[in-house]
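The values are calculated or read from the model by the stated rules, or taken from the named source; none is laboratory data. It should be emphasised that the depicted structure is a prediction, and the values quoted were computed from it without experimental measurement. Using ideal geometry, Cβ is built from the backbone for each residue, glycine included, and neighbour counts are taken over all protein chains shown.
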Amino acid sequence: MGDGAGRAVVVSGTVALPLTAEVALFVRAAGFALESLAEVPDADLGRPTPCGDWDLRALLLHLADTADGLTGLARTGELVLPSAPRTDDADPAAVARDRLLRLLGVLTSAAADDPPGAADRAAHALAAARGGAIELAVHGWDVATACGSRRVMALRLATALLQAATSLVADGARPGAFAAPVAPPPDAGPEERLVAFLGRRPAARPHRGSRAPRR
């Protein structure tokens, strides 16, 4: 997870849902990210993003690298990421989409095939799903913002992710991963409060005040 200048991190905490519930939340967050990726223009990948000094190309490649890292985490229990996003992919949105779909397949398979006694495998998948849901949703917001989209995160999804983030993202995990929280607008809904908690400025979005779907 990042503010554009750092590393991905798997959040940790004392509050956890069962694996199937965590993966279900991940699936909804991944859906939002995939919808945002579908709006990336063919050109102008150099446009700025809410992620520090990263342009849209760098953000998309970071998202792809993070999906790769979370896939490895789900399979092996180890999170390994490159030190910087790759820069040589001609279609970074397609790369991010393909990596995200692969991660989605790994986690949904783990939730469906969660046999008794497979504690290590379940723990690996749980860590990837918990961190991945927050990661994908906030970077989906970053991508949509960079593209000038009016896409709104579903109300129930934003509410669930806000609860997860405030429970799991400790101040000690922020350096290199998230900027400090910013104050949300007085009338902020769950989506705006979520991204503000993770160091984004909600006022950057053009859709403030629009009605979000409830799914």
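Quick notes
- Matching residues in segment 138-157 - criterion: being assigned to a helix (DSSP H, G or I), crowded, with 23+ Cβ neighbours inside 10 Å and of a type outside the set (D, E, K, R): 138, 139, 140, 141, 143, 144, 145, 146, 157
Table: residues versus (1) in contact with a strand residue (DSSP E or B) (Cβ under 8 Å, 6 or more places away or on another chain); (2) touching a residue at least 24 places away in the same chain (Cβ under 8 Å); (3) within 14 Å of residue 31 (Cα to Cα).
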position: 112; (1), (2), (3): no, no, no
position: 124; (1), (2), (3): no, yes, no
position: 129; (1), (2), (3): no, yes, yes
position: 135; (1), (2), (3): no, yes, yes
position: 145; (1), (2), (3): no, yes, no
position: 156; (1), (2), (3): no, yes, yes
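- Among the candidates 58, 29, 5, residue that is at pLDDT 95 or above, closer than 27 Å to residue 78 by Cβ, out of contact with any strand residue (DSSP E or B) (no Cβ under 8 Å at 6 or more places or on another chain) and of a type in the set (Gly, Ala, Ser): 29
- For segment 76-120, a tally of residues being at pLDDT 80 or above, within 26 Å of residue 21 (Cβ to Cβ) and assigned to a loop (DSSP other than H, G, I, E, B) returns 3.
- None of 71, 66 is in contact with an Asp or Glu (Cβ under 9 Å, 6 or more places away or on another chain) and either closer than 10 Å to residue 93 by Cα or at pLDDT 90 or above (or both) except 66.
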